[in-house]
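The values are calculated or read from the model by the stated rules, or taken from the named source; none is laboratory data. Nothing here was measured: the structure is a model prediction, and the numbers come from that model. Don't worry about glycine lacking a Cβ; one is built from the backbone with ideal geometry, like all the others, and counts go over all protein chains shown.
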Amino acid sequence: MSALVYNFDTCPDRNGYGSLKWDKYKGRDILPLWVADMDFTTAPEILDALQQRLDHGIFGYTIPYQAPVEAVINYLQRQHNYSAQASWLNFLPGLVPAINLCCHAYTEATDSVMTATPVYAPFLTAPDYAGRELIKVPLCLQGETWTLDFDAMEAAIKPNTKVFVLCSPHNPVAHVHTRAELTQLADFCEKHDLILISDEIHCDLVFDDQAQHIVTATLNERIAARTVTLMAPSKTYNLPGLACAFSVIEDSKLRLQFQKTIRGIITEVNCFGYAGCEAAYNHGEPWRQALLKYLRGNYELLYQFVQQQLPGITFRPMEATYLAWFDVSRLELDNPTKFFEDHGVGLTDGVPFDGKAHVRLNFGCPRSRLIEGLEKMAAALATR
């Protein structure tokens, strides 16, 4: 199917549908470019599958069944050269509850959890919710690329550290970890006997032709035996409202610990989540390729605009996702998020990511909407 079939330049009005993204600024003249869902209608192949499921007319309790399981297994092999088995899968209503429950499953009350910052906010709150100590190790810059700082990780780790939580590709800095970097992380985890929780939800949103996502568990059998891989079609195909994600856990002991922890706490995935997941992985690839092309165009426009028309904002090159991480420290704003809201643009505050003086912009939207938001930001800076 030709990419020309798909239209990313227009989208439905999202007001009145309980949209978290749009209702935040309901009644206010603020363009929402914040939380990580896109404004694009999902792939028509997925819409067709959901309509077929709707037409069935019965929406009873649903368990993992052959079609979505096979879709995931085939997708992992085809897209990521990962030969997974059906018994390794656990379907989940989302990755955030899974990250929280992993902190319970693989640690005791006296243990600590390590992650690299800035990072997706639930990585920082999950250990606290579980009553565990959090060890934050800042990413380091090598040239214009953010990477894991292994010297700092070695200095920060404690005897009670049991888990490392990885964001790959990384949100919010949009870095795709290299094979060398992941191998070094795998060695670090093996050396210190850590369980690796690998959130790879953005793995299919790599738009840089020079970058390639590598599923951490595919590096070698040793790291696979200590890794919990978390994935979902939701970010790639704009399906977060369907609440369908999954874990891949090769080691039977780790898998049993996880299953015991989630029992009675995590709800089953609903029937539409399974249908959407199956359709996305079986039929969504042409739409995904068209999406990546469009996002790449948005990114190139965004990068050029920031360099030329947004003085005081530092924007380093991205490799993946549709979430741009802006360093606004040179602007010396007391509250960057409020400043831009006051000028009509809603961005994500960097503070919950452990990114003071940063904001995150979602460019998963029609190009005209992105331009409108950028022009509002330029006008805001012109008032200073």
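Looking at ARG263, ARG226, just one residue is surrounded by fewer than 24 Cβ atoms within 10 Å (Cβ to Cβ), at pLDDT below 95, over 30 Å from VAL359 (Cβ atoms) and of a type in the set (Lys, Arg), and that residue is ARG263. Residues of the stretch 146-167 that are buried (at least 16 other Cβ atoms within 10 Å of the Cβ) and farther than 18 Å from LEU196 by Cβ: TRP146 alone. A single entry from HIS202, HIS175, HIS192 fulfils the requirement of being of a type outside the set (A, V, I, L, M, F, W, C) and in contact with a Phe, Trp or Tyr (Cβ under 8 Å, 6 or more places away or on another chain): HIS175. Right, ASP204: farther than 23 Å from GLY355 by Cα, of a type in the set (D, E, K, R) and free of Cβ contacts under 8 Å to residues at least 24 places away in the same chain or not? No, not satisfied. Please specify each residue of the stretch 329-349 satisfying the condition of being under 12 Å from ILE313 (Cβ atoms) and surrounded by 22 or more Cβ atoms within 10 Å (Cβ to Cβ). Matches in the stretch 329-349: PRO336, PHE340, LEU347.
Residues in the stretch 304-345 that are assigned to a strand (DSSP E or B) and in contact (Cβ under 8 Å) with a residue 24 or more places away in the chain were compared, and the one that is nearest to ALA378 (Cα to Cα) is VAL345. Kindly indicate whether LYS376 is basic (Lys, Arg), in contact with a Gly (Cβ under 7 Å, 6 or more places away or on another chain) and more than 30 Å from GLN142 (Cα to Cα). Here the answer is yes, as LYS376 does meet what is asked.
Residues in the stretch 49-83 that are of a type in the set (A, V, I, L, M) and within 17 Å of ILE201 (Cα to Cα): ALA71, VAL72, ILE73, LEU76. Screening the stretch 245-302 for residues that are of a type in the set (Val, Ile, Thr) and in a helix (DSSP H, G or I) and picking the one that is farthest from GLU372 (Cα to Cα) gives THR261.
Selection over the stretch 168-182 of residues that are outside any loop (DSSP other than H, G, I, E, B), touching a residue at least 24 places away in the same chain (Cβ under 8 Å) and more than 12 Å from LEU196 (Cβ to Cβ) gives a count of 2. Do we find a residue being under 25 Å from GLY131 (Cα atoms) and at pLDDT 95 or above anywhere in the stretch 175-184? Looking for residues that are under 25 Å from GLY131 (Cα atoms) and at pLDDT 95 or above, one finds none in the stretch 175-184, hence no. Residue selection: PHE272 fails the criterion of being buried (at least 20 other Cβ atoms within 10 Å of the Cβ) and either under 26 Å from TRP22 (Cβ atoms) or among the hydrophobic types (A, V, I, L, M, F, W, C) (or both).
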